[in-house]
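These notes are about the structure you will find just below.
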Amino acid sequence: MSGHNYFVYITSNPKKTTLYIGVTNELNRRMDEHVLNAGNPISFSGRYYCYNLVYYERFAFIQHAIDREKQLKKWSRKKKDELISQFNPDWIPLNDEVKDWED
């Protein structure tokens, strides 16, 4: 993908009991970092093994991505689950899908 790309993304642990919401300009690289960080007690996503990408949105402007991240973080778990299920009904990890992208 070329041009300006900023992403709001949601990762989950394998049991789908914990969600992590973040923003990045390189989704592929960021997912690699989440996988490598699994089990690291220093970070939230590492501590809870949130490395399966289950949702993402692309933005052309960083401020729009940041605003969306803040919005999603305020949502209830039920509302986040519904958003993910609309985008990715089976909550299949999408990490491999973004590996093919050129950030």
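The values are calculated or read from the model by the stated rules, or taken from the named source; none is laboratory data. These numbers come from a predicted model, not from an experiment. Don't worry about glycine lacking a Cβ; one is built from the backbone with ideal geometry, like all the others, and counts go over all protein chains shown.
Condition check ((1) within 16 Å of LYS16 (Cβ to Cβ); (2) modelled with pLDDT of 95 or more; (3) touching a strand residue (DSSP E or B) at 6+ places or on another chain (Cβ under 8 Å)) across all residues:
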site: ILE42; (1), (2), (3): no, no, no
site: TYR56; (1), (2), (3): no, yes, yes
site: LEU72; (1), (2), (3): no, yes, yes
site: LYS78; (1), (2), (3): yes, yes, no
site: GLU82; (1), (2), (3): yes, yes, no
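For every residue, the table says whether it meets (1) part of a loop (DSSP other than H, G, I, E, B); (2) crowded, with 16+ Cβ neighbours inside 10 Å.
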site: VAL8; (1), (2): no, yes
site: THR17; (1), (2): yes, no
site: TYR20; (1), (2): no, yes
site: MET31; (1), (2): no, yes
site: LEU36; (1), (2): no, no
site: GLN63; (1), (2): no, no
site: LYS78; (1), (2): no, no
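For VAL35, which of the numbered conditions (1) within 12 Å of SER12 (Cβ to Cβ); (2) at pLDDT below 95 fails to hold? Evaluating VAL35 over (1) within 12 Å of SER12 (Cβ to Cβ); (2) at pLDDT below 95 leaves (1) as the failure. Total residues in the range 38-51 satisfying the condition of being of a type in the set (S, T, N, Q), in a loop (DSSP other than H, G, I, E, B) and within 17 Å of ILE10 (Cβ to Cβ): the figure is 1. Only one entry of VAL54, VAL98 meets the criterion of being part of a strand (DSSP E or B) and of a type in the set (A, V, I, L, M), and that entry is VAL54.
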